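The values are calculated or read from the model by the stated rules, or taken from the named source; none is laboratory data. Predicted model, so just to flag it, every value in this text is computed and none were measured. Note that we place each Cβ from the backbone using ideal geometry, even for glycine, and neighbour counts take in every protein chain shown.
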Amino acid sequence: MISADRAMYANKAKLKDTEERKIAAHREATIKALHEALGSGMWGMEFDEEGKMVSVEWSPEFRRMIGYTDENDFPNKLESWSDLIHPDCKDRVIKAFNDAINDYSGDKIYDVEYRLKTKSGEWRWYHAIGKLLRRDDGTPLSYVGLFVDINDKKMQA
């Protein structure tokens, strides 16, 4: 009887794991389809308790949009992105990025359009939007954002 119970619970666990995997795969496919439709990619940053940035993550879609394939050619470092911002846009973009981090009220949203150099050397226009999640005391917890290719729209204007 005990071994039958164990087998039943093990089987239930396998079924639950399989169902959870299906749900996760469906969510991932949905997010990928949305990024393809929008021409977008996500990015994120994490902060420690003192509000210091401790990690950066560029999504595969983000990398693909600017011609990179993986973390080997576009590392999960802030400089991977910031070093590619067009000189005419850089001060404004970095200021908006940091202003959102330093706004402990949580009201400021990072929302900018700028040119970024792709791996091929082409300058393209992008729209970046980001929002910080904060701890109760206002210190940053994480910074999440969306990066959208607006080059064709800018070129038609």
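Could you please let me know if A96 is at pLDDT below 95, more than 16 Å from the chain's Cα centre (by Cα) and on the phi < 0 side of the Ramachandran plot? No.
Take the range 74-107 and flag every residue that is of a type in the set (D, E) and either in a helix (DSSP H, G or I) or outside the structural domain of M45 (by TED's automatic domain parsing) (or both). Outline the logic, then answer.
Step one: list which residues in the range 74-107 are of a type in the set (D, E), which gives 79, 83, 88, 91, 99, 103, 107.
E79, D88, D91, D99, listed by residue number.
Could you list all residues from the range 94-142 that are of a type in the set (A, V, I, L, M, F, W, C) and farther than 25 Å from E49 by Cα?
Taking the range 94-142 first, the residues of a type in the set (A, V, I, L, M, F, W, C) are 94, 96-97, 100-101, 109, 112, 116, 123, 125, 128-129, 132-133, 141.
Passing the criteria: V112, L116, W123, W125, A128.
Within this structure, K90 fails the test of being within 30 Å of R135 (Cα to Cα), modelled with pLDDT under 65 and surrounded by 11 or more Cβ atoms within 10 Å (Cβ to Cβ).
Filter the range 126-147 down to residues that are surrounded by fewer than 19 Cβ atoms within 10 Å (Cβ to Cβ), over 14 Å from W58 (Cβ atoms) and of a type outside the set (D, E, K, R), then give me how many there are. Counting residues in the range 126-147 that are surrounded by fewer than 19 Cβ atoms within 10 Å (Cβ to Cβ), over 14 Å from W58 (Cβ atoms) and of a type outside the set (D, E, K, R) gives 7.
For the range 67-79, which residues satisfy the criterion of being closer than 19 Å to Y143 by Cβ and surrounded by 18 or more Cβ atoms within 10 Å (Cβ to Cβ)? I'd like the intermediate steps shown before the answer.
Of the range 67-79, the ones closer than 19 Å to Y143 by Cβ are 71, 74-79.
Correct list: F74 only.
Out of curiosity, is K108 under 15 Å from W43 (Cβ atoms) and surrounded by 15 or more Cβ atoms within 10 Å (Cβ to Cβ)? Here the answer is no, as K108 does not meet what is asked.
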